[in-house]
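These notes are about the structure you will find just below.
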Amino acid sequence: MIQRNILKAKTFINNSVLKVRKNNISSDRNKSLPGWMVFAKEVLRNPKAMGAACESSPKLAKAIAEFIPLDKPGCVVELGAGTGIVTEALLKHGVTPENLISVELSSAFSDFLQHKFPQIKIINGDALHLKDLLGEDSNRVNTIICGLPFRTLPNMHVHGIVKQIDDIISNNNGIYMQFTYNLGDSSPFLPHHFKRIDHKIIWRNIPPARINVYKSEQ
Ligand SMILES: C[S@@+](CC[C@H](N)C(=O)[O-])C[C@H]1O[C@@H](n2cnc3c(N)ncnc32)[C@H](O)[C@@H]1O
């Protein structure tokens, strides 16, 4: 009986080691793949968490970055960084690496991002726990950029994420920016005290997208 249990434990440990090795190999392989391919793999793995068929276009990423004021002290937080198209545009725009934090749910993307941008802080986690994930940094956030697929995530999840964003932005008198494939001007998930201060539609993206910029008037 004891021997059988030891054998079972050994098999369990061996299988776990194999699984970990397999994951590491595939995450190492991702690092040498082009971003669009890593993105496509994640779309197949978890389409609802992606909410898009392909990465944002550099044109959309540049337009997002241009909304960022560089004269404000504090840091910029990007939610749902994917393969880093927007991250790259933010750095090119002039956001300094120590003032840029990217939060990403997928560990494959997080590894890819950390390899591509070793100089910035990448947090592998769910934006639902944003304040905990940021810790002390949450007090110095001046802008949150959201690329999360609010239209395909469960409503409860979205409300929880928006509450975290609201607490941080209202506390720091910051800016909240989201890009969406909804070209209309409604944002059903946002609280009423979020007032839109700017917006732009980018046609050269698949699909065309709208950037909305908000301030909390609380
Ligand atoms: C539409 S893709 C945007 C990717 C990238 N920003 C771009 O523009 O190409 C949405 C991203 O949000 C991430 N995501 C989804 N749910 C999330 C969550 N709860 N917390 C953090 N990231 C999440 C997905 O893994 C994916 O990378």
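In the set 131, 121, which member is within 14 Å of the ligand (Cβ to nearest atom), within 24 Å of residue 171 (Cβ to Cβ) and surrounded by fewer than 20 Cβ atoms within 10 Å (Cβ to Cβ)?
Numbers: 121 fails: within 14 Å of the ligand (Cβ to nearest atom).
Residue meeting the stated conditions: 131.
Of all the criteria given as (1) among the charged types (D, E, K, R); (2) at pLDDT 95 or above; (3) more than 12 Å from the ligand (Cβ to nearest atom), the one not satisfied by residue 28 is (2).
From the list 164, 218, the lone residue that is more than 21 Å from residue 64 (Cα to Cα) and surrounded by 18 or more Cβ atoms within 10 Å (Cβ to Cβ) is 164. Taking each residue of region 149-171 that is closer than 21 Å to residue 82 by Cβ and looking for partners that are at pLDDT below 95 with beta-carbon atoms closer than 6 Å, six or more apart or interchain, yields 149/51; 150/189; 152/48; 152/51; 158/150; 158/189; 162/189. With respect to the conditions (1) crowded, with 16+ Cβ neighbours inside 10 Å; (2) among the β-branched types (Val, Ile, Thr); (3) away from the ligand (no atom under 14 Å from the Cβ), residue 144 lacks only one, and its number is (3).
Among the residues making up region 131-160, those that are of a type outside the set (S, T, N, Q) and over 25 Å from residue 98 (Cβ atoms) are 149, 150, 151, 153, 154, 156, 157, 158, 159, 160. The set of residues from region 166-183 being under 25 Å from residue 53 (Cβ atoms) and of a type in the set (A, V, I, L, M, F, W, C) comprises 177, 179, 183. Cβ separations smaller than 7 Å between residues 6+ apart or across chains give the following pairs from region 114-129 residues that are farther than 29 Å from residue 159 by Cβ to residues that are assigned to a helix (DSSP H, G or I) and within 13 Å of the ligand (Cβ to nearest atom): 117/87. For region 184-213, the tally of residues that are surrounded by fewer than 15 Cβ atoms within 10 Å (Cβ to Cβ), touching a strand residue (DSSP E or B) at 6+ places or on another chain (Cβ under 6 Å) and of a type outside the set (Lys, Arg) stands at 5.
The values are calculated or read from the model by the stated rules, or taken from the named source; none is laboratory data. It should be emphasised that the depicted structure is a prediction, and the values quoted were computed from it without experimental measurement. No Cβ is skipped: glycine too gets one built from the backbone with ideal geometry, and neighbour counts run over all protein chains shown.
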